[in-house]
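This report refers to the structure that appears directly beneath it.
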């Protein structure tokens, strides 16, 4: 049976992601079991929180290996928020944390500058820098909802969208092949977030 699995590693906001997927007509399975996760035909890897504590759970419970297997099989995988950072090689958070190395790059902290607060919190415009099936029906420049202090830093070939906060421009969407990830919260981004999730569920 085709399965859409939402990874549960204790990193918050899972219910709202599962509810959003249910709202658009999907039947997501929320799971923390590596044996279930590795059988997923389509995987959503969401979460909020800190990189180190998230990685400890992913390693100790074997969930990180299961996610890696799904990516290596070529099945569609979507990271959201901290799921967008943990797919990279490392994060600057907590003094530096090695992450899953599914996509080359690192999560870096916003630089302090006058007139902006960290974390970056609220609605901001996202501009597509490449075409992708996940963006169908969503105009470039649409607003999505962000809550984060760290953001991906990747080579241009892995960046699919950009957002500017203060004077700092960062990739709002990163990925390669069957693995894509959004730094913003799709489940909190209203109609455009739901459209993005719907596009993911028919992608590939």
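The values are calculated or read from the model by the stated rules, or taken from the named source; none is laboratory data. What you see is a predicted model, and the numbers here were worked out from it, not measured in a lab. Positions of Cβ are generated from backbone atoms using ideal geometry, with glycine treated the same way; all protein chains shown enter the neighbour counts.
Filter region 39-51 down to residues that are buried (at least 16 other Cβ atoms within 10 Å of the Cβ) and at pLDDT 95 or above and give me whichever is farthest from the chain's Cα centre (by Cα).
By that ranking, first place goes to 39.
Considering region 78-94 alone, what residues qualify as being over 17 Å from residue 182 (Cβ atoms) and at pLDDT 95 or above?
89, 90, 92, 93
Scanning region 1-17 for residues that are touching a strand residue (DSSP E or B) at 6+ places or on another chain (Cβ under 8 Å), in contact (Cβ under 8 Å) with a residue 40 or more places away in the chain and outside any loop (DSSP other than H, G, I, E, B), which turns out surrounded by the fewest Cβ atoms within 10 Å (Cβ to Cβ)?
Going through the qualifying residues, I end up with 4.
Please tell me if residue 20 is in a helix (DSSP H, G or I), touching a residue at least 24 places away in the same chain (Cβ under 8 Å) and under 21 Å from residue 180 (Cβ atoms).
yes
Take region 71-95 and flag every residue that is within 15 Å of the chain's Cα centre (by Cα) and farther than 24 Å from residue 108 by Cα.
Once the filter is applied, which keeps residues that are within 15 Å of the chain's Cα centre (by Cα) and farther than 24 Å from residue 108 by Cα, region 71-95 yields only 76.
Of all residues in region 133-171, which are within 20 Å of residue 11 (Cα to Cα) and either part of a strand (DSSP E or B) or within 13 Å of the chain's Cα centre (by Cα) (or both)?
145, 146, 147, 148, 150, 151, 152
Among the residues of region 118-156 satisfying the criterion of being out of contact with any strand residue (DSSP E or B) (no Cβ under 8 Å at 6 or more places or on another chain) and within 20 Å of residue 87 (Cβ to Cβ), which is surrounded by the fewest Cβ atoms within 10 Å (Cβ to Cβ)?
The extreme case among them is 156.
When only residues in region 85-104 that are assigned to a strand (DSSP E or B) and either touching a residue at least 24 places away in the same chain (Cβ under 8 Å) or out of contact with any helix residue (DSSP H, G or I) (no Cβ under 9 Å at 6 or more places or on another chain) (or both) count, which is farthest from residue 57 (Cα to Cα)?
Initially, region 85-104 is screened for residues assigned to a strand (DSSP E or B), giving 90-91, 97-98.
Among the residues that remain, those that are also either touching a residue at least 24 places away in the same chain (Cβ under 8 Å) or out of contact with any helix residue (DSSP H, G or I) (no Cβ under 9 Å at 6 or more places or on another chain) (or both) are: 91, 97-98.
On the way: 91: 16, 97: 13, 98: 13 Å.
Here the answer is 91.
Could you tell me which residue of region 174-186 is surrounded by the fewest Cβ atoms within 10 Å (Cβ to Cβ), considering only residues that are touching a helix residue (DSSP H, G or I) at 6+ places or on another chain (Cβ under 8 Å) and farther than 14 Å from residue 145 by Cβ?
176
So which residues in region 89-114 are under 13 Å from residue 53 (Cα atoms) and touching a strand residue (DSSP E or B) at 6+ places or on another chain (Cβ under 6 Å), if there are any at all?
Answer for region 89-114, where residues must be under 13 Å from residue 53 (Cα atoms) and touching a strand residue (DSSP E or B) at 6+ places or on another chain (Cβ under 6 Å): 91, 93, 97, 98, 99.
Give me a count of the residues in region 59-84 that are outside any strand (DSSP E or B), on the phi < 0 side of the Ramachandran plot and touching a residue at least 12 places away in the same chain (Cβ under 8 Å).
Here the count works out to 15.
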